[in-house]
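Notes for the one structure printed next.
Bear in mind these aren't lab numbers, they're just calculated from the coordinates by the rules spelled out. Note that the coordinates shown come from a computational prediction; the quantities given were computed from them, not determined experimentally. Cβ coordinates were reconstructed from backbone atoms using ideal geometry, including for glycine residues, and neighbour counts include every protein chain displayed.
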Amino acid sequence: MVKESQKIVAVDQDIPVIDMSLERSRVSMQIVKACETIGFFKVVNHAVDPDVTSRMEQESINFFAKPVLEKKSVFGYGLKDIGLKGDVGEVEYLLFHTNPLVLSQLSFGNESTKFGVSMNK
């Protein structure tokens, strides 16, 4: 169940937007600049079905709302301390491998079904 406070309401206007329909070298430069300046970016014109994106966002919200101990059992989950200049905190992440042959050999615990179904519908 998603808490009201976990729903994505709006994207900050200062977040860099990477347009994948542009020339590859330009896209690459934009990604590098976004990573160096703000650390993340939004991708548009990526040809991923909006329904898939919405389902993945929802499953991600559900996953990251779980207790850390439960998330640690999932392949690709990480939790790191961050902050070198007084801005101390933690960052959580979930890495996905994109090669179907590799994915078939990995275990994601109970989460594999949810994320896999989200991507394959």
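Using R0 = 41 Å, the C-beta based FRET efficiency linking GLU90 and GLU23 works out to 0.65. Couplings 3J(HN,Hα) of segment 23-36, computed from phi: 4, 3, 5, 5, 4, 4, 5, 5, 5, 4, 4, 4, 5, 6 Hz, in residue order, whole Hz [Karplus 6.51 cos²θ - 1.76 cosθ + 1.60, θ = phi - 60°; x for Gly and Pro].
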